[in-house]
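J.: The structure under discussion is supplied below as C-alpha cells; questions concerning it will follow.
The values are calculated or read from the model by the stated rules, or taken from the named source; none is laboratory data. No experiment lies behind these values; they were computed from the predicted model shown. Positions of Cβ are generated from backbone atoms using ideal geometry, with glycine treated the same way; all protein chains shown enter the neighbour counts. Surface areas here come from the heavy atoms of the whole protein model, side chains and all, with no ligands, DNA or RNA. Shrake-Rupley method; radii C 1.70, N 1.55, O 1.52, S 1.80 Å.
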Amino acid sequence: MRSGHSPEGEELPPDFRESLRSLSEAIRSCTRCPLAEWRTKAVPGEGPDRADILLVGEAPGRDEDLAGRPFVGRAGSVLDSCLNDAGIERSRVFITNVVKCRPPENRRPRKAEVEACWPYLEAQIELVEPKAVILMGNAATKAVLDVEGVTSLRGRVFREIFLATFHPAAVLRNRNLKEALVSDLLVAKEKAEG
Ligand code: URA
C-alpha cells in the first residue's frame, strides 16, 4: 500500500484510527483540504465493521454530497446492478471513496486532496480487514497502487488483495464495460470466499 504521505494541514484527531465510528466522525468534521469548503456533507463510506470485500470509488458526486452516503446516484445504480449480477449483497460490502468530499463540478480530485484524505482510506482498509479491495477507476488505482490504466490492469490481483476495475460511471458511458466490471467483481468474490 502507498505510504509516506505527509500533507501540510490540520492534524488528525489522535483516536481517529480506533474504530470506523471515530474515523467517520473525523471525516465529517475534516478541514484538511479545500474540498471541505465545497461540501454539503462529507461521505465517509458505509458497510459492516468487518467485510470481505471493500470497494473504492473516486469521490462523492452531487447525490452523494447531499445524502452523505456513497454511490447513491446514477453511478450507484450501475454499481448496484453489477453487484446484483455478481451475486454480491451491497449490505455485506464496505463502500468508500479515495476522497470523502465532492470536488467542485465533479472534477478529478487533486493530488494534494488525495494525500490529505489518504489516512482515512488507509485506516478504513486496516479496520475492515477485507480479503479483496476493488479499486474502481483510475483515481482509485492511482491512489492506492500508484499506477494508472485500469484497462490493462483490470482482472488481476495486486499485493494479495487489490484488484483494479472500471468505474461504474464508465459503464454509464459505455454499457459494454458492464460485463468486465461484473467479471472483476466475481474474481473478488471468489477471492473473498476462498
Ligand atoms: N462516484 C464515485 O466515485 N463515488 C461515489 O460515491 C459516487 C460516484
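J.: Could you list which residues have their amide H under 5 Å from that of PHE162, counting only those 5 or more apart in sequence or on another chain, with H placed in the peptide plane?
T.: VAL133
J.: Let me ask something else. Once the dipole of the chain is set up with Lys and Arg at +1 and Asp and Glu at -1 on Cβ about the Cα centre, which of PRO104, CYS33, ALA169 lies farthest towards its positive end?
T.: Farthest towards the positive end: ALA169.
J.: In whole Hz, what ³J(HN,Hα) sequence does region 41-52 give by Karplus (6.51, -1.76, 1.60; θ = phi - 60°), x for Gly and Pro?
T.: Values per residue, Gly and Pro as x: 10, 6, 10, x, x, 8, x, x, 4, 10, 9, 6 Hz.
J.: Determine the share of the chain's accessible area contributed by carbon and sulfur atoms, expressed in whole percent, with a 1.4 angstrom probe. List each step's numbers first, then the result.
T.: Numbers: 4270 of 9510 Å².
The value for the chain is 45 percent carbon and sulfur by accessible area.
J.: Another one. Counting alpha carbon pairs within less than 8 Å and at least 6 residues apart, what relative contact order, in whole percent, applies to the chain?
T.: Numbers: 368 pairs, mean separation 48.8, N = 194.
Relative contact order, the chain: 25 percent.
J.: How many lysine pairs in the chain, separated by 8 or more positions in sequence or lying on different chains, have Cα atoms less than 14 Å apart?
T.: Within the chain, the lysine pair count is 5.
J.: Considering only DSSP beta bridges with both partners in the chain, what is the antiparallel share in %, to the nearest 5? Please list the in-between numbers first.
T.: Details: 3 of 15 bridges.
The answer is about 20 percent antiparallel.
J.: Skip the ligands, DNA and RNA, and give the accessible area per residue of the chain with a 1.4 Å probe, whole Å².
T.: 49
J.: For the pair SER81 and GLU179, how long in nm is the line joining their label points, each one 7 Å along Cα→Cβ?
T.: In this crude spin-label approximation the distance works out to 1.6 nm.
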